[in-house]
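Dropping the structure in here first, questions after.
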Amino acid sequence: MKSRTSRLDRFISQNSDFSMADTRLLIAQKRILLDGSVAHSIQQSVTEFTRVVLDGRCLKDNQPVYIMLNKPRGVVSATRDTRHTTVLDLVQHPRKSELHIVGRLDLNTTGLVLLTNNGAWSRNISLPETKLEKTYEVTLSKPLTEEYVAVFREGIYFGYEGITTKPARLEILSDYTARLSLTEGKYHQVKRMFGFFQNEVLSLHRVSVGRISLEGLDEGLCRELTAKEIAVNENR
Ligand code: URA
């Protein structure tokens, strides 16, 4: 998703009867507010989400939207689908048509799905460099051993892409269940990692992305993120 940023004087000239040159005077007269603060320079940036008010009239108010959903099994991680219920079908929000999905889950995977209209935010979450942990609870068809912990920490070679997976944290909870934390999201990554041991994943549930946790949100329901959750990429 492209982020549209323009300089304040250009934005004013394109969205009011004032010219770029007039903007300096408007600033001196404290007639422009950016996100509630008096503008101080013609060079200030107006991003796609900046609220711009001129003489008490709102020229632009496009607040970003951040939603979390507890995806049930059988719901497809797409915004449109002819055969299945989509994650967007489960979202109730007046601006839901603007949303895109941050990190898809397979059809039979359940749990935390994030949706937003802020492309910069979702890009940041998805970048392996941000090292944001995505944590899954997994049920397997065969018993787990300590060898899995070491192999997942070392990384597994994926021949198709020619890459080795980044160090992953595996916590064995019982013979057949574990919690796995990854900092990347390759195609079917969890299933392929257990596939290395020919161990089939019977159920897969994403419980958290960084500090954003699904706790307290029932299956099939969604809610807006709190300011603290939105700041998931900062000060980790
Ligand atoms: N890994 C998988 O294999 N499937 C998912 O849905 C998510 C991660």
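Being under 22 Å from I101 (Cβ atoms) and open to solvent by less than 80 Å² (accessible area, probe 1.4 Å) narrows it down to one residue among E224, E184, E215; which is it?
Only one candidate qualifies: E184.
L107: farther than 19 Å from A227 by Cα and part of a loop (DSSP other than H, G, I, E, B), yes or no?
Taking the combined requirement at face value, the residue satisfies it.
One line per residue, one yes/no per condition, for (1) touching a residue at least 60 places away in the same chain (Cβ under 8 Å); (2) farther than 24 Å from E98 by Cβ; (3) of a type in the set (S, T, N, Q):
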{"position": "D22", "(1), (2), (3)": "no, yes, no"}
{"position": "L26", "(1), (2), (3)": "no, yes, no"}
{"position": "R31", "(1), (2), (3)": "no, yes, no"}
{"position": "A39", "(1), (2), (3)": "no, yes, no"}
{"position": "K60", "(1), (2), (3)": "no, no, no"}
{"position": "N70", "(1), (2), (3)": "yes, no, yes"}
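Another question about this same structure. Would you mind finding the one in T86, T82, T47 that is at pLDDT below 95 and surrounded by 13 or more Cβ atoms within 10 Å (Cβ to Cβ)?
After applying the criteria, what remains is T47.
State whether the residues of region 50-60 include one that is under 22 Å from A120 (Cα atoms) and open to solvent by 60 Å² or more (accessible area, probe 1.4 Å).
Within region 50-60, one or more residues are under 22 Å from A120 (Cα atoms) and open to solvent by 60 Å² or more (accessible area, probe 1.4 Å).
How many residues does region 25-42 contain that are surrounded by fewer than 15 Cβ atoms within 10 Å (Cβ to Cβ) and either basic (K, R) or under 12 Å from L59 (Cα atoms) (or both)?
2
For region 97-122, give me the residue count where each residue is more than 16 Å from the ligand (Cβ to nearest atom), surrounded by fewer than 16 Cβ atoms within 10 Å (Cβ to Cβ) and free of Cβ contacts under 8 Å to residues at least 60 places away in the same chain.
Counting residues in region 97-122 that are more than 16 Å from the ligand (Cβ to nearest atom), surrounded by fewer than 16 Cβ atoms within 10 Å (Cβ to Cβ) and free of Cβ contacts under 8 Å to residues at least 60 places away in the same chain gives 2.
Please determine whether any residue of region 166-187 is of a type in the set (V, I, T) and under 18 Å from D106 (Cβ atoms).
no
Give me the pairs, please: first residue somewhere in region 132-151 and of a type outside the set (S, T, Y), second residue anywhere and loosely packed, with under 12 Cβ neighbours inside 10 Å, beta-carbon distance under 7 Å, and either six or more positions apart or on two chains.
Qualifying pairs under 7 Å: P143/D175; L144/D175.
Which condition number does T139 fail, the rest of (1) over 20 Å from L221 (Cβ atoms); (2) part of a helix (DSSP H, G or I); (3) not aromatic (F, W, Y) being met?
That leaves (2) as the condition not met.
Having 3 or more residues that are within 17 Å of the chain's Cα centre (by Cα) is the bar; report the strands (runs of 3 or more DSSP E) wholly within region 35-96 that clear it.
Fully inside region 35-96 and qualifying: 66-71.
The values are calculated or read from the model by the stated rules, or taken from the named source; none is laboratory data. None of the values given here were measured: they were computed from a predicted structure. For neighbour counting, all protein chains shown are included, and Cβ atoms are generated from backbone atoms with ideal geometry for every residue, glycine included. Ligands, DNA and RNA are excluded from the accessible area calculation, which covers all protein heavy atoms including side chains. Shrake-Rupley method; radii C 1.70, N 1.55, O 1.52, S 1.80 Å.
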